[in-house]
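One structure below.
Bear in mind that the values in this text are calculations on the coordinates, not laboratory data. A quick note: this is a predicted structure, and the numbers were derived from the prediction, not measured. Glycine gets a Cβ as well: all are built from the backbone with ideal geometry, and neighbour counts include every protein chain shown.
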Amino acid sequence: MTTEVSLIVELARDGALDRNLRTDPPPSVSSGRVVLDHLKADENGRLEVPEAGEVVLSVPSPETLRERLEVEDAITGIDTGSQPPVIVVEAAEYLREDELSAVLDAAQRVQRAIILRIMADA
């Protein structure tokens, strides 16, 4: 089994999601298949709009990522050139394995790393 990174989760350093992932990481995070990128949030606890990559899907919460077909269509349906595809989640307190696995499966299909940017804590 490979532990190649397929998904980079960008999240606010020391926010609720960060604390929850440290306390109880999903298996894909523990295995190293998903890498956490801890970023500095603004004074309101939000991340800035991503500078790198091209946003292919924006959702209100990670629960929406369970819609595997929607995630796959967004990632495979848009040519982002050399930029990585970015999925923006407006707010999250937790990330569960079933939510991450939908994005990981799509990343495997296109054989590219994907950025999942969590804009704020829920």
Task: Amide N of region 91-117 lying under 14 Å from the label point, which is placed 7 angstrom from the Cα of Gln83 along Cα→Cβ - done: 115
Open item on the list: Using DSSP to call loops (not H, G, I, E or B), can you name the trypsin sites (Lys or Arg not before Pro) in region 1-45 whose Cβ has at most 14 other Cβ atoms within 10 angstrom?
Closed with: Arg13, Lys40
Open item on the list: Using Cα-Cα distances under 8 Å and only pairs 6 or more residues apart, what relative contact order does region 7-118 have, in percent?
Closed with: 36 percent
Open item on the list: How long are the semi-axes of the equivalent ellipsoid of the chain, defined as square roots of 5 times the Cα gyration tensor eigenvalues? Whole Å, largest first.
Closed with: 21, 17, 13
- [ ] Please get the size of the charge dipole for the chain, origin at its Cα centre, with Cβ charges of +1 on Lys and Arg and -1 on Asp and Glu, quoted in debye to the nearest 20.
- [x] 320 debye
- [ ] Round to a whole angstrom and tell me the spacing of the C-alpha centers of region 11-46 and region 51-122.
- [x] 15 Å
TODO: Work out from phi, with θ = phi - 60° and the Karplus expression 6.51 cos²θ - 1.76 cosθ + 1.60, the ³J(HN,Hα) of each residue of region 73-84, listed in order in whole Hz, and give x for Gly and Pro.
DONE: 4, 5, 7, 8, x, 10, 8, 9, x, 8, 7, x
Open item on the list: Residues of region 59-73 with backbone nitrogen within less than 14 Å of a virtual label 7 Å along the Cα-to-Cβ line of Val110, please, listed as ranges.
Closed with: 69-73
